[in-house]
Ligand code: SF4
């Protein structure tokens, strides 16, 4: 069995439900199964780790911060608990992820980058100004707009 650790500094650890569907962790599993990595000696290497032999772990670094005050269950200096939140992906999930990626790649090749607004990411986004000015179809004919709508729909299905 292999374990991939992703060291996280965020304030809150995610729920198990989130970990089980998170796109980023799915990409890790796909990369471990199918991607080629450059090793330290410069050679390319396929990890070839099937999903059923891979654990993917959100390693919550903040769990190592010791308590400053004594609580009902903890002494001063105790760590906050096990920092590992682990998930895995099935062959089936990897297969549908590949289909999703193919749709996303098609959109990228065609130069279609639909917005994906979120109240988490937009406030910090360095492209927010550009994004707000996006013509969103201005100057396109009806056929082009319809093609873009179809591509956006594909991307939404893939998301
Ligand atoms: S502001 Fe940034 S994060 Fe939000 S939709 Fe636009 S590009 Fe995406």
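Key figures
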read-out: Odd one out for residue 7, checked against (1) surrounded by 12 or more Cβ atoms within 10 Å (Cβ to Cβ); (2) modelled with pLDDT of 95 or more; value: (1)
read-out: Filter pass, residue 94 being outside any helix (DSSP H, G or I), modelled with pLDDT of 90 or more and either surrounded by 14 or more Cβ atoms within 10 Å (Cβ to Cβ) or in the same structural domain as residue 120 (by TED's automatic domain parsing) (or both); value: no
read-out: Residues of segment 75-128 satisfying the condition of being within 16 Å of the ligand (Cβ to nearest atom) and in contact (Cβ under 8 Å) with a residue 24 or more places away in the chain; value: 104, 107, 112, 114, 116
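The values are calculated or read from the model by the stated rules, or taken from the named source; none is laboratory data. As the structure is a computational prediction, the values presented were derived from the model and not from experiment. Neighbour counts are summed over all protein chains in view; Cβ atoms, including those assigned to glycine, are modelled from backbone coordinates with ideal geometry.
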